[in-house]
Amino acid sequence: MSLALAVIGGTGVYRLAALQNVETHELDTPYGAPSGPIRVGDLGGQRVAFLARHGEGHTVPPHRINYRANVFALHQLGARRVVGINAVGGITERMGPRVLAVPDQLIDYTHGRLSSFCDVEGAKVEHVDFTEPYSRALRTALLRAAHDAGVEVVDGGVYGCTQGPRLETIAEIARLRRDGCDLVGMTGMPEAALARELGLDYASLNLVANWAAGCGDQAEITMDEVFGNLEAVSAQVPKVLAALLRDIC
């Protein structure tokens with residue numbers, strides 16, 4: 001199958017309503033089953049695959065996602081470019097709620113996740129270059145697509161990936177800030193590294209759902225706030241993806 005793009009949807013993005021002529025693929029992989037069915041359909045005249053990272057009913061927590069199966073299944077279907085959509089908290093001033101950002105760096109704070117296709121008995125050990133964790137060409141195309149679609153995005157930033165599913169303490173966010181993180185999320189790794197191991201172009205589109213703990217002027221983080229912000233900012237995603245497809249195809 002020839003795919004122009006694969007999209008992995010995060011919290012608040014469980015489907016692409018604009019997909020037409022949708023086919024459903026229930027796949028198994030050498031690493032187990034992915035988070036849910038992969039929906040493949042037409043968007044802007046191109047074939048696009050969509051997978052809900054947490055499952056379509058948001059039933060899989062960040063630390064239990066089968067990242068290897070998700071990435072490998074998209075690769076099996078013929079994906080060569082992957083955009084991961086990630087809900088995040090904002091740490092630095094330019095990353096307030098309802099901001100869209102395209103990070104250029106990340107720091108991995110997770111633990112215990114199966115983070116490589118090398119984690120299989122007898123597999124060849126691959127030491128992939130991860131100097132730039134996001135593909136430069138796809139990042140550039142994503143930024144250009146947002147501009148063409150008239151959608152404001154922040155170019156760059158450091159994504160800090162924490163274990164979840166709980167949110168972070170004020171002290172933990174202070175540490176991330178000292179480390180240079182602009183954003184905090186729970187699903188950016190090992191997804192990006194696995195895509196690199198398979199030679200896929202991968203970039204991340206971050207949807208800022210809330211100020212991280214101790215940032216902004218909020219006393220606490222509520223789920224009503226998080227999902228309200230995600231609903232508002234995710235409305236911009238289809239326009240960006242449509243413009244991206246026009247640019248890369």
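The values are calculated or read from the model by the stated rules, or taken from the named source; none is laboratory data. Since this is a predicted model, take the numbers as computed values, not measurements. Every residue, glycine among them, receives a Cβ derived from its backbone with ideal geometry; neighbour counts consider all protein chains shown. Please note that ligands, DNA and RNA were not included when accessible areas were found on the heavy atoms of the full protein model with its side chains. Shrake-Rupley method; radii C 1.70, N 1.55, O 1.52, S 1.80 Å.
Averaging Cα coordinates gives a centre for the stretch 28-107 and one for the stretch 2-17; these two points are 7 Å apart. Averaged over its residues, the chain has an accessible area of 45 Å² per residue, based on protein heavy atoms and a 1.4 Å probe. Phi-derived couplings, Karplus 6.51 cos²θ - 1.76 cosθ + 1.60 at θ = phi - 60°, listed residue by residue for the stretch 169-186: 7, 4, 5, 5, 5, 4, 5, 4, 4, 4, 6, x, 7, 9, 9, 9, x, 10 Hz, with x used for Gly and Pro.
Taking springs between alpha-carbon atoms closer than 10 angstrom, which of Val83, Val102, Val22 fluctuates most in the Gaussian network model of the chain? Result for the chain, Cα springs under 10 Å: Val22 fluctuates most. Rolling a 1.4 Å probe over the protein heavy atoms of the stretch 169-249, with every protein chain left in place, gives an accessible area that is 51 percent carbon and sulfur. Spin-label model, Glu152 to Asn21: label points 7 Å out along the Cα-to-beta-carbon direction sit 3.8 nm apart.
Mean residue ellipticity, 222 nm, helices only, the chain: the sum of -39500 (n - 2.57) across DSSP H runs of n ≥ 4, divided by residue count and rounded to 500, is -8000 deg cm²/dmol.
One entry in (i) 21.6; (ii) 18.0; (iii) 18.6 is Kirkwood radius over Cα pairs in Å calculated from the shown coordinates; its label is (ii).
For the stretch 1-158, with all protein chains present and a 1.4 Å probe, just round the carbon and sulfur fraction of the accessible area to a whole percent. Don't skip to the answer; put the middle values down first.
Details: 3430 of 7380 Å².
On the stretch 1-158, the fraction of accessible area on carbon and sulfur atoms equals 46 percent.
Going by a ≥ b ≥ c, the root eigenvalues of the Cα gyration tensor, does the stretch 129-243 fall in the rounded group (a/c under 1.5), the prolate group (a/b larger than b/c) or the oblate group?
Numbers: a/c = 2.03, a/b = 1.26, b/c = 1.62.
In terms of gyration-tensor shape, oblate.
Taking each pair of distinct Cα atoms in the stretch 1-136 once, what is the resulting Kirkwood hydrodynamic radius in Å? Present the calculation step by step, with values, prior to reporting the outcome.
Details: mean 1/r = 0.0610 Å⁻¹.
For the stretch 1-136, inverting the mean 1/r across all distinct Cα pairs yields 16.4 Å.
When a/c is below 1.5 the answer is rounded, else prolate if a/b is larger than b/c, else oblate, so apply that to the stretch 143-209 with a ≥ b ≥ c taken from the square roots of the Cα gyration tensor eigenvalues. Oblate, because a/c is 1.5 or more while a/b does not exceed b/c.
If you take all other residues with their beta carbon under 14 Å from the beta carbon of Glu126, and give Lys and Arg +1 and Asp and Glu -1, the sum is 0.
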